[in-house]
Amino acid sequence: MLYNLIMAGRLESHLKEACSLSGAAWAALVERKGGQWTSRASYRLTKPAMQRLMQYLSQDSVDAWMATALKGTSSRSAPISETARLMGRRLYIYPLADGARAILVGADQQSAAALRTWRLIADLIASAKEWGSKSPPPLLSADFPYNDRARALNQVLARFVQAARPNGAWLGIRRGDALDILTQWNASALEGLSLPLEVNPILRRLNRTLVDIVVFKDQAEWEALPHPLKKAGVNYWMCLPLVVGQRLIGAVGLWGEADLSITEAGELSELAQSVSPLVEIALTFREMSGYLRRFAMLNEFSLTISSAQNLDQIARRVFGLLTRAFNTDLIALYLPSSDGRLVREFGYRDGKLTSSVSTLLGHSVLPFLDGRILRVNDAAPDFHPLHAGARSALMVPLRHRDQIVGLLSLESVHPEAFSTYDEHLLLVIASHLASLAEYGRLREEAEGRARNLGLIHEVVQQVIGLSDKQEVAQVTADLLAQYFAYELAAVVLVGEDGRPSVFGLGGAGAALVRDLWRAEAGIPGHVLLSGESVLVNETDQDRRYQALPGWQAGSQMCVALKDGDRVLGLINVESGRRNAFTHNDLMALESLAGVLAAVVSSADQYHRLQETIHQLRAAQVELRARMASQQEAERRLVQAAKLAAVGEMAAGVAHELNNPLTTVTGFAELLLEQTPQDAPYRADVEMILREARRARSVVRRLLDFARQGERTRARADLNEIVRDVLALTERLIQTSGVLLSLRLEEGLPWVSVDINQMKQVFLNLIHNALQAMPTGGEMEIQTASQSKDDRGWVTIAVKDTGMGIAPEHKERIFEPFFTTKGEKGGTGLGLSVTYGIVSDHGGTIEVESQPGAGSIFTVWLPV
């Protein structure tokens, strides 16, 4: 009877706790006996409400639905009829494993976390019945702290110590692939220890078999225990798994002097089975409480963060909330500058908020600014934490209008420190923080720029009219130290040789370093070489910084004075404090450097302009002379090619025809004088004399063609020009063993050409074709009218079956003096002159050729 009273009180406590966590309107434990439903415990149900519930359950449809649910193991829900007058729109049923009892819950809607909570409550109540008539263990006392994990685990371990009376004990909870020892008895050195499950063979067997393990001192496995047992007299070590379903949620380790009996081991095993659901509930309640606490923290975040006035206040309040919510102080906020050169970092050092500005390039946070959400629960070999010693991390980008404006990073020295709930919560915080951070950054930049522009205006007013470079450098350095409160300001100008030649030093540190400061060394030397701006807020962490005797800077900025890509000098400012400069300070110094560069370069601009004009005029005169020279060279090339081609052809014709023609003409004249007028063969002699004289006329015309004449263009029929050229070359074609095929289109449109130049073109093409067929072949000459580019054209194609042109020579055949004839006497001018004549007539010449298959030269002339 006493046990039943205690259990009734505990049931109401369970129902109350679960309703608080899940947001349910009411809950009741009901039991079906003899076809009737009775209530065993309830929460938030008055007597009238309980009567209405029993009447509602007695309805046939509801009773049938309930009876069916009891036969299963999963939860169900159905709408509650308005006539029942019960709070909540839906009725949820969670059957117990005994098949006779169930938990009823009234609520509007239950989340997945709430469903899991009620399922655990059902398992807890079902396991409590297994004690039967035995005395309930102390664990089931009314003050069992479900939402206080440390206290709950201490009570569980105390029950095992009471039952086994060991020399020492511990209780570990599984986190990933390890057991974290969260509480101990008489073994303080083990608390907080993490035991990997897969590394130790005993724990690996425990994880895979889920059965009790007992190791005695005289067994070989004794040396493989997962932790040392330094106390003398220990004879056994026992490990009891805590299992829910088929999941290992934790383990209890015991060791002592007296040997365990089978009965004692069995009771410990039953105790482990009984407490496993309770431990799971305690852990779940702890997780749910933390989950709700963090959501409550969002309300606090909205109230406190939104009232912050600047980035420092925002960071300080955010870090305070995150430290309490996530139990870690390894928190960092990174905000890159708008131009992506610098990054502002907020963090904790010795419990205090710190802020610094560093160069983004090469910074350790740069790989994490790619927009990914990163959750690492056990540091992998390729993971490089931002805080030394961190084993888990949660990094969430700050997005503002689809742009990455920062990164919020949480790290912990413990593995498995962050869950999916933590990730979702941090995403919500980051979404609000992004807007606040971007607004704060823009406001600080606007205020800083306005302040700096006013100071820059004061400096420029006093420098703009100066013409002496030494005076410009010194005045600027003094004004920088005066208006911007820099402890050391240096302005350096370089000479024509690119080496520093003018120095100006200002500020309190100028007297200390005046004879020691060098622009070629340290960070200034780097800026002179690269032309890049540099901001260093921790000089002792930058290997480029070089300290001087009597002066140690904590922060340094250096920007180049540039005219295009040319470095004219630099501005260097230093402070004895760390983190003295911001992105706004760098932008202000770069703005001043732009103005100062204009002042410095103005004295040289007129000289450079005059020098440029002189060079342009000289180039113009030289270009005109080259154009005239080129025109004269082209004219000479045309004439030289004509003389070369005609001379070579004339030599052959003279050799073949002159001597025979002289003999034939002379004897024909003698014979004709001696032949009577009525002789029958006189007509034949006259024909011989006439043809011999015609051949001599051909030679004369060839020689006349070789002479220089005026260039005149006239409308002409290209077919006639082709026939005239063939009259000159017909004998040479026949003696070369070449078969000629002539395909001239009738009615060909006339073109405006220089007839002699066109004859030169065709003569060169035919001559080249014959040279390409030294052992004979076939030549085809074809004319046609065609249309291209909305214009009328006449084409003349000369095709041969000769050696063809090598691919590497094809692009050069029209170059002057390029020839492949070697010692055979080619001048390399024929095709070059041909190309020039055709181009001068507004036409083009195309070539198609394959080695061993011949070539086709096609001339296009406009109608």
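Only a single item in (1) among the acidic types (Asp, Glu); (2) modelled with pLDDT of 80 or more; (3) within 37 Å of the chain's Cα centre (by Cα); (4) open to solvent by 60 Å² or more (accessible area, probe 1.4 Å) is not met by residue 423, and it is number (4).
Residue-by-condition table, conditions (1) aromatic (Phe, Trp, Tyr); (2) crowded, with 20+ Cβ neighbours inside 10 Å; (3) not in a helix (DSSP H, G or I):
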| site | (1), (2), (3) |
| --- | --- |
| 481 | no, yes, no |
| 485 | no, no, yes |
| 489 | no, yes, yes |
| 493 | no, yes, yes |
| 498 | no, no, yes |
| 504 | no, yes, yes |
| 512 | no, no, no |
| 516 | no, no, yes |
| 524 | no, yes, no |
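Answer yes or no as to whether residue 24 is under 30 Å from residue 286 (Cβ atoms), open to solvent by 60 Å² or more (accessible area, probe 1.4 Å) and outside any strand (DSSP E or B). No.
If only residues of region 175-194 that are farther than 17 Å from residue 272 by Cβ and hydrophobic (A, V, I, L, M, F, W, C) are counted, the one that is most open to solvent (accessible area, probe 1.4 Å) is 189. If the condition is being among the hydroxyl-bearing types (Ser, Thr, Tyr) and either at pLDDT 85 or above or assigned to a helix (DSSP H, G or I) (or both), then region 805-863 contributes 832, 834, 835, 839, 844, 849, 855, 858. The condition (being farther than 18 Å from residue 149 by Cα and at pLDDT 90 or above) is satisfied by just one residue among 229, 240: 240. Within region 328-336, the presence of at least one residue that is farther than 25 Å from residue 176 by Cβ and hydrophobic (A, V, I, L, M, F, W, C) is confirmed. Screening 204, 174, 208 for residues that are part of a strand (DSSP E or B) and of a type in the set (Lys, Arg) leaves exactly one candidate, 174. Counting only residues that are open to solvent by 10 Å² or more (accessible area, probe 1.4 Å), more than 19 Å from residue 520 (Cβ to Cβ) and part of a strand (DSSP E or B), region 551-574 holds 1 of them.
When region 94-123 is limited to residues that are under 23 Å from residue 275 (Cβ atoms) and of a type in the set (Val, Ile, Thr), the one that is surrounded by the most Cβ atoms within 10 Å (Cβ to Cβ) turns out to be 121.
Criterion applied to 643, 657, 609, 637 was being at pLDDT below 80, in contact with a Gly (Cβ under 8 Å, 6 or more places away or on another chain) and at negative phi, and the one residue passing it is 637. Name the residue that is nearest to residue 425 (Cα to Cα), counting only residues in region 387-399 that are over 19 Å from the mean Cα position of the chain (by Cα) and touching a residue at least 12 places away in the same chain (Cβ under 8 Å). It comes out as 394. Starting from residues that are assigned to a loop (DSSP other than H, G, I, E, B) and buried (at least 17 other Cβ atoms within 10 Å of the Cβ), keep the ones in region 532-541 and report whichever is nearest to the chain's Cα centre (by Cα). The selected residue is 533. Within region 183-193, identify whether any single residue is within 25 Å of residue 158 (Cα to Cα), in contact (Cβ under 8 Å) with a residue 40 or more places away in the chain and in a strand (DSSP E or B), and answer yes or no. No, because not a single residue in region 183-193 is within 25 Å of residue 158 (Cα to Cα), in contact (Cβ under 8 Å) with a residue 40 or more places away in the chain and in a strand (DSSP E or B). Just one of (1) part of a strand (DSSP E or B); (2) over 19 Å from residue 324 (Cβ atoms) fails for residue 388. It is (1). Taken together, 554, 576 contain a single residue that is over 20 Å from residue 473 (Cα atoms) and touching a helix residue (DSSP H, G or I) at 6+ places or on another chain (Cβ under 7 Å), which is 554.
If only residues of region 758-794 that are within 60 Å of the chain's Cα centre (by Cα) and open to solvent by less than 10 Å² (accessible area, probe 1.4 Å) are counted, the one that is farthest from residue 835 (Cα to Cα) is 794.
Within region 244-292, if we keep just the residues that are within 45 Å of the chain's Cα centre (by Cα) and of a type in the set (D, E, K, R), the residue that is surrounded by the most Cβ atoms within 10 Å (Cβ to Cβ) turns out to be 280.
Kindly indicate the residue of region 216-226 that is of a type outside the set (D, E, K, R) and surrounded by fewer than 18 Cβ atoms within 10 Å (Cβ to Cβ) and also nearest to residue 188 (Cα to Cα) among those meeting that condition.
225
Within region 315-353, the set of residues being under 31 Å from the mean Cα position of the chain (by Cα) and at positive phi comprises 340 only. Every listed requirement among (1) in a helix (DSSP H, G or I); (2) modelled with pLDDT of 70 or more is met by residue 577 save one, (1).
Determine whether residue 165 is over 45 Å from the mean Cα position of the chain (by Cα) and at positive phi. Answer is yes for this residue.
If you go through region 149-174 and keep only what is open to solvent by less than 30 Å² (accessible area, probe 1.4 Å) and small (Gly, Ala, Ser), you end up with 152, 164, 168, 169, 172. In this structure, residue 64 does not satisfy being free of Cβ contacts under 8 Å to residues at least 60 places away in the same chain, in contact with a helix residue (DSSP H, G or I) (Cβ under 6 Å, 6 or more places away or on another chain) and not in a strand (DSSP E or B).
Residues in region 338-369 that are under 17 Å from residue 397 (Cα atoms), of a type in the set (Gly, Ala, Ser) and part of a strand (DSSP E or B): 1 in all.
The values are calculated or read from the model by the stated rules, or taken from the named source; none is laboratory data. This structure is a prediction, so every number in the text was calculated from the model and none was measured. Virtual Cβ from ideal backbone geometry, glycine too; neighbours counted across all protein chains shown. Surface accessibility is based on the protein's heavy atoms, side chains included, excluding ligands, DNA and RNA. Shrake-Rupley method; radii C 1.70, N 1.55, O 1.52, S 1.80 Å.
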